[in-house]
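Below is one structure, written out as structure tokens; comments come after it.
The values are calculated or read from the model by the stated rules, or taken from the named source; none is laboratory data. What you are looking at is a predicted structure, and each value in this text was computed from that prediction instead of being measured. Glycine also receives a Cβ, built like all others from the backbone with ideal geometry; neighbour counts cover every protein chain displayed. These area figures cover heavy atoms from the full protein model, side chains too; ligands, DNA and RNA do not enter into them. Shrake-Rupley method; radii C 1.70, N 1.55, O 1.52, S 1.80 Å.
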Amino acid sequence: MEEIKVSPDYNWFRSTVPLKRIIVDDDDSKVWSLYDAGPKSIRCPIIFLPPVSGTAEVFFQQVLALTGWGYRVISLQYPVYWDLMEFCDGFRKLLDHLQLDKVHLFGASLGGFLAQKFAEHTHKSPRVHSLVLCNSFSDTSIFNQTWTASSFWLMPAFMLKKIVLGNFAKGPVDPQMADAIDFMVDRLESLSQSELASRLTLNCQNSYVEPHKIKDVSITIIDVFDQSALSLEAKEEMYKLYPNARRAHLKTGGNFPYLCRSAEVNLYIQIHLRQFHGTRYAAISPEMVSAEEVEAHLGSDHNPHCEQ
């Protein structure tokens, strides 16, 4: 099977969707990198937040598929932020800059935690309309690293990469999962010491989500049943925190199902977003709804793993 980096889809994505760099803080070194694709008339797009090892490119399959169905999709990469309040403040400024009042957020692992914290942070003046949380968590203490969180900034890049790679799947995996891991290792290599250290700090500094502050946000939880960096306890904790969340299960997919099980993940995102069609919070172009609706219904009939 062809490696992701040289695949036609990835090359098409890189050649057709421009990477934008935006500074919203007083500090010029804090640069948000993002891909913004699909109809710009949509004011409530879905925004993708990557895991510790990821860049804005890791969601290229979601960008291609969802924009093809008429959605506006933004995939981004964070600047160096060392604490959660700083991140939330920077992300709010980015949404202001993009003139987006409310958004849907898809977060993978750390991205999912940051999405929940941002929804919590802005709950008095809500900026998050819905959440899709993929292999995510709600309490950083599950990693047993809170005591080292304050020293990541001191560690050399190779040591930080070793920490991240320690969570990647070991042992035999199918070809798509192997390609996904290779691609994520390549993305990890592209990150600087400060980018990695700051993300690990956010991932591990002592913090948890207060679910009562985001109880009105519609949530879908996407989980895999095979080996991933998340323990069963962490997954169960998410179900307990959000008893009304929709659950979308993948039999396999490891840490990066959005890369190696993209068709299933894209379908679950589509099902999640469909509930907002016809409202002011639709992430899709209105003229695309009827044809897309039929396609989504057909798909959901063949996918028994999505529960209300």
When the residues of segment 1-18 are filtered to those that are loosely packed, with under 15 Cβ neighbours inside 10 Å and not in a helix (DSSP H, G or I), which remaining residue is modelled with the lowest pLDDT? 1
Looking only at residues in segment 168-200 that are open to solvent by less than 20 Å² (accessible area, probe 1.4 Å) and part of a loop (DSSP other than H, G, I, E, B), which one is modelled with the highest pLDDT? 191
Considering only residues that are modelled with pLDDT of 95 or more and assigned to a loop (DSSP other than H, G, I, E, B), look in segment 84-107 and name the one that is most open to solvent (accessible area, probe 1.4 Å). 99
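For segment 246-256, enumerate the residues that are free of Cβ contacts under 8 Å to residues at least 60 places away in the same chain and under 18 Å from the mean Cα position of the chain (by Cα).
248, 249, 250, listed by residue number.
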Going through 129, 123 one at a time, which residue ends up being part of a loop (DSSP other than H, G, I, E, B), open to solvent by 30 Å² or more (accessible area, probe 1.4 Å) and of a type outside the set (S, T, N, Q)? 123
Considering only residues of segment 62-79 that are farther than 20 Å from residue 263 by Cβ and in contact with a strand residue (DSSP E or B) (Cβ under 6 Å, 6 or more places away or on another chain), which is most open to solvent (accessible area, probe 1.4 Å)? 77
Can you work out which of the residues in segment 201-230 that are in contact with a His (Cβ under 7 Å, 6 or more places away or on another chain) and open to solvent by less than 10 Å² (accessible area, probe 1.4 Å) is farthest from residue 166 (Cα to Cα)? 214
For segment 50-61, does any single residue satisfy the condition of being over 16 Å from the mean Cα position of the chain (by Cα), surrounded by fewer than 23 Cβ atoms within 10 Å (Cβ to Cβ), in contact (Cβ under 8 Å) with a residue 24 or more places away in the chain and within 26 Å of residue 196 (Cα to Cα)? no
Just checking, does segment 19-28 include any residue being within 28 Å of residue 179 (Cβ to Cβ), under 20 Å from the mean Cα position of the chain (by Cα) and surrounded by 12 or more Cβ atoms within 10 Å (Cβ to Cβ)? yes
Checked segment 267-287 for anything under 16 Å from residue 46 (Cα atoms), touching a Gly at 6+ places or on another chain (Cβ under 9 Å) and either modelled with pLDDT under 70 or open to solvent by 50 Å² or more (accessible area, probe 1.4 Å) (or both); matches are 286
